[in-house]
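Worksheet: the structure to be examined is printed underneath.
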Amino acid sequence: MSKLIENAGVIAFILAFLFCCFGISLVIFYGFLYMPPAITPIS
């Protein structure tokens, strides 16, 4: 029984880690996509 709880904790940790990575990459992607013209360099 304790082994099952241990595995559930590990799985939850991995899912949370993947969710965080996905969220950060999504924020960066949308940040570059919708970056205001004042920040983007004008070539």
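The values are calculated or read from the model by the stated rules, or taken from the named source; none is laboratory data. Keep in mind the model is a prediction, meaning the values are calculated, not measured.
Apart from one condition, THR40 fits all of (1) modelled with pLDDT of 85 or more; (2) not in a helix (DSSP H, G or I); the exception is (1).
What do you reckon, is PHE13 modelled with pLDDT under 80, under 18 Å from the mean Cα position of the chain (by Cα) and assigned to a helix (DSSP H, G or I)? Judged against the criteria, PHE13 is not a match.
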